Structures are given as C-alpha cells and as structure tokens.
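Participant: The structure's right below; bear with me while I get my questions together.
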Amino acid sequence: MNRRIGIVITALMIAGILTVHGAFSQSSGQLERKAIKLPTKFVNAPFSDGILFGDELYLAGRIGIDAKTGKVPEKIEDEIKLLLDGEKDVLAQAGMTMDDLAYVQVFCTDLSLFEKFNPIYKTYFTKDYPARAFIGAGSLLAGGHFELQAIAGKHQYLVGVKDGKP
C-alpha cells in the first residue's frame, strides 16, 4: 500500500513540475504594434496618424484640411467631409472601414455646428454608429472647427455573434 502511495505522489509531483514548466515556457503573446502614416501631413509634429495595436486602431486627432491649399475650407460642410475622408484613409491603411469605429470623440469650437455635422457624419456609415462624444473646444489648430480622434477594432472576433449574443 505504501509503495502505491509513493508511486502516486511521485507521478503527481512529476505532472505538477511539467505543468508549471509548460505554463512558463509559453510565448508571451505580445501584440504587434504598427504605425500608420499617411503620405500627406499638414502639421510637422511628432505623431502618427494611427497606431494599429493587434486588432485595435488608435486614430490621432485629425482636422479637415484641404490638401491643395493646406488650409481649412471656408464652407463648414467641406471641412467636415475632408475630416471624415481623412479618417477613412487612415482606416483603409489598417484594412478597416468607418464601420469598424468603436468610439469617436469630436472636438468642436462652436457647438451650434452640431446640427451641420450630424447629417454628413451619418452618411459615412453603413451599419450601427460608433459610440461618440461631441465636445466643445476653445480653439483648434489651423483654424479648424472640428477635430476628430477615434478607436477602431477589426470585427473578426464578432463572427457568429447575432444581436450581441454568441
């Protein structure tokens, strides 16, 4: 009987050692980090247009600047379109679309422009809108009225999910 107990204890100890060794020898699973940089940059400052970290994209603040003039257009609607088209360009570099946006922050120098922003903004989406904050700001670079920053995620992990349920 004592011999059997000794064999069982020895087997359990070996199994425990192998389990612990296996747990510590696994890869760290670090996520890849990739900078997204568009060829046109209107502000000479040390930042990337976005950082792709695993399946998440963190988009830097962006202003609707006209690439031809280097200035914000006079028409608010044109500024909004340039702003959102710029976001689309950054998302495309990461293999994403506007529908991959999960959270958006819009900074605006005049909150009365909220009603002009929304009709254009909603045309850029084909699915549900992302969560969003529309925040008043004192002033923005280059005389812009809007600055947008966002977080997006690839939807591959949602395959097989319907109505929020697996």
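The values are calculated or read from the model by the stated rules, or taken from the named source; none is laboratory data. What you see is a predicted model, and the numbers here were worked out from it, not measured in a lab. Positions of Cβ are generated from backbone atoms using ideal geometry, with glycine treated the same way; all protein chains shown enter the neighbour counts. Only protein heavy atoms, including side chains, enter the accessible area calculation; ligands, DNA and RNA are left aside. Shrake-Rupley method; radii C 1.70, N 1.55, O 1.52, S 1.80 Å.
Participant: Just the accessible area for residue 154, please: 1.4 Å probe, Å², rounded to the nearest 10?
Facilitator: The accessible area of residue 154 comes to roughly 60 Å².
Participant: How far apart, in nanometres, would the label points at residue 89 and residue 102 be if each is projected 7 angstrom from Cα along the Cα-to-Cβ direction?
Facilitator: Using points 7 Å along Cα→Cβ, the separation is 2.6 nm.
Participant: Now for a separate question. Rolling a 1.4 angstrom probe over the protein chains, ignoring ligands and nucleic acids, what is the accessible area of residue 120 in square angstrom, nearest 10?
Facilitator: Rounded to the nearest 10, that gives 20 Å².
Participant: Something else: Let me cross-check residue 32: its accessible surface, 1.4 Å probe, with only protein heavy atoms counted, in Å² to the nearest 10?
Facilitator: 140 Å²
Participant: Heavy atoms only, probe 1.4 Å: what % of the accessible area of segment 68-143 goes to carbon and sulfur, would you let me know?
Facilitator: Solvent-exposed carbon and sulfur of segment 68-143 make up 52 percent of the total.
Participant: Do you know the relative contact order of segment 33-76, to the nearest whole percent, from alpha carbon pairs under 8 angstrom that are 6+ apart?
Facilitator: Result for segment 33-76 is 30 percent.
Participant: Summing Lys, Arg as +1 and Asp, Glu as -1, what charge do residues with Cβ under 10 Å from the Cβ of residue 127 carry, residue 127 excluded?
Facilitator: My count for the surroundings of residue 127 gives -3.
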